[in-house]
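Worksheet for the structure shown next.
The values are calculated or read from the model by the stated rules, or taken from the named source; none is laboratory data. All of these numbers come straight from a predicted model, not from anything done at the bench. All Cβ positions, even for glycine, are placed from backbone atoms using ideal geometry, and neighbour counts span all protein chains on display.
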Amino acid sequence: MNVNYEVVSISAQKAIHQIEQVYHAGYNPNWPDFDAREQLLVCESIAESEVAAKKQSYNPPLQKKQPHPNKDVNVIGYDSYKRSVNSELTESKRKVISELKTLDYRTSPLKIASLLQTLFAEYNSIDGWWLYVAQHWNPRAINRVINYMVKVYENGTISIQNPAAYFTSLIQKRKRRRSL
């Protein structure tokens, strides 16, 4: 226990002045067990405990380790909490996704494009983009990307700001359809 020996040697008036000016607390003369010096010690110990609590509560952000380019290394420090999801996966979107799952390679690209347009209707896209996607990627590839996006959405592992743009970036990494 750290005892401030300076407090014992100061006068009661000086102790009252420090209590009121330094610690912004009130001196209570009605405490028979605690005189002004002891009340000053209490104020100092409270101030020290608040400083110690602030130091303990400060947790610096975890830094993500960069994996070595030649080795497979597990990255430590990623957040493990579920992130907030920006868009809702409504019943109508679930219905469109289940309908997309029933399609095969013989399905008309116009039908696939209209389903994709319905699925991503609330996001801006270039006119004719969903028809382009339907013509260049088969329904199996489209379904795999959508299933991956649903999985990511439900787990909350990635925050997707614009699902249409995320879908486009994922589908472009897939193998294109053979010419019709």
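Every condition in (1) touching a helix residue (DSSP H, G or I) at 6+ places or on another chain (Cβ under 7 Å); (2) farther than 23 Å from Q161 by Cβ; (3) in a helix (DSSP H, G or I) is met by D104 except one, and the failing one is (3). For the stretch 8-28, a residue qualifies if it is more than 24 Å from V51 (Cβ to Cβ) and either surrounded by 12 or more Cβ atoms within 10 Å (Cβ to Cβ) or not assigned by TED's automatic domain parsing to the domain that holds C43 (or both), and exactly one does: A12.
Are any residues in the stretch 131-148 among the aromatic types (F, W, Y) and surrounded by 20 or more Cβ atoms within 10 Å (Cβ to Cβ), and if so, which ones? Passing the criteria: only W137. For the stretch 132-144, a tally of residues being assigned to a helix (DSSP H, G or I) and in contact with a Lys or Arg (Cβ under 7 Å, 6 or more places away or on another chain) returns 3. Scanning the stretch 90-107 turns up no residue that is loosely packed, with under 12 Cβ neighbours inside 10 Å, modelled with pLDDT under 70 and of a type in the set (S, T, N, Q).
Being assigned to a loop (DSSP other than H, G, I, E, B) and touching a helix residue (DSSP H, G or I) at 6+ places or on another chain (Cβ under 7 Å) is the filter; apply it to the stretch 149-174 and report the residue that is surrounded by the most Cβ atoms within 10 Å (Cβ to Cβ). The selected residue is I160. Scanning the stretch 118-130 for residues that are more than 16 Å from V96 (Cβ to Cβ) and surrounded by 15 or more Cβ atoms within 10 Å (Cβ to Cβ) yields a total of 1.
A count restricted to the stretch 108-117 and to residues that are surrounded by fewer than 15 Cβ atoms within 10 Å (Cβ to Cβ) and either among the small types (G, A, S) or on the phi > 0 side of the Ramachandran plot (or both) stands at 1.
Please enumerate the residues belonging to the stretch 115-131 that are touching a Phe, Trp or Tyr at 6+ places or on another chain (Cβ under 8 Å) and part of a helix (DSSP H, G or I).
Once the filter is applied, which keeps residues that are touching a Phe, Trp or Tyr at 6+ places or on another chain (Cβ under 8 Å) and part of a helix (DSSP H, G or I), the stretch 115-131 yields L116, Q117, W130.
Could you list, ordered by first residue, the pairs with Cβ atoms under 6 Å in which the first is in the stretch 138-165 and closer than 15 Å to L119 by Cα and free of Cβ contacts under 8 Å to residues at least 12 places away in the same chain and the second is β-branched (V, I, T) and not in a helix (DSSP H, G or I), at least 6 apart or interchain? Hits for this filter: zero, empty list.
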